[in-house]
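Working notes, structure below.
The values are calculated or read from the model by the stated rules, or taken from the named source; none is laboratory data. Keep in mind that this is a model prediction, so the values were computed, not measured. Cβ sites come from the backbone with ideal geometry, for glycine too, and all protein chains shown count toward neighbours.
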Amino acid sequence: MVASEKNVSLTTDFIAELIRAANEADKLSAFEIKRLINRSIAAIRDMREEIGTPGSNRVKDVVIDLQVAAAIVDNLTAAEIRDTLIDAADVIRTLKIVLDGKE
């Protein structure tokens, strides 16, 4: 398996993990949720860098929203956690599509 194929598989697996976690948000510990959100932030930053799209310091940047969610994870409802994880999965999926198109 080529390195790029392995990354695609890992990305696809992580998207699936985020969606599974979102569906079980009420069963996850704060630590698990925070870990998933932080992994999402790292993945989004790495993918943006690979694409050549810088992040934004604007209020509407999803990474900022994810950082806030990670900071207040203890105060989020299960629905808010679910929405946050689904948003992260959606952004990663979109970036994956862009990266796949570059190859």
Determine which single condition Ser29 fails, assuming it passes every other condition in (1) under 21 Å from Gly101 (Cβ atoms); (2) modelled with pLDDT of 95 or more.
-> (1)
What are the residue pairs meeting all of these: first residue in region 60-73, first residue farther than 15 Å from Val91 by Cβ, second residue crowded, with 18+ Cβ neighbours inside 10 Å and modelled with pLDDT of 95 or more, Cβ atoms under 8 Å, and 6 or more apart or on different chains?
-> Val73/Ile33; Val73/Ile37; Val73/Ile81
Test: residue in region 65-72 that is surrounded by 13 or more Cβ atoms within 10 Å (Cβ to Cβ), assigned to a helix (DSSP H, G or I), of a type outside the set (A, V, I, L, M) and modelled with pLDDT of 95 or more | yes
Residue match in region 40-57 (condition: part of a helix (DSSP H, G or I), basic (Lys, Arg) and within 15 Å of Lys96 (Cα to Cα)) | yes
Going through region 59-93 one residue at a time, which ones are charged (D, E, K, R) and within 17 Å of Leu28 (Cβ to Cβ)?
-> Asp74, Glu80, Arg82, Asp83, Asp87
Within region 8-30, residues being touching a residue at least 12 places away in the same chain (Cβ under 8 Å) and assigned to a helix (DSSP H, G or I) number 14
Among the residues of region 49-60, is there at least one that is surrounded by 15 or more Cβ atoms within 10 Å (Cβ to Cβ) and at pLDDT 90 or above?
-> no
Pick from region 22-48, criterion charged (D, E, K, R) and in contact with a Gly (Cβ under 9 Å, 6 or more places away or on another chain), ranking: surrounded by the most Cβ atoms within 10 Å (Cβ to Cβ) | Arg48
Residue count, region 77-102, condition over 15 Å from the mean Cα position of the chain (by Cα) and without any contact (Cβ under 8 Å) to a residue 12 or more places away in the chain, comes to 2
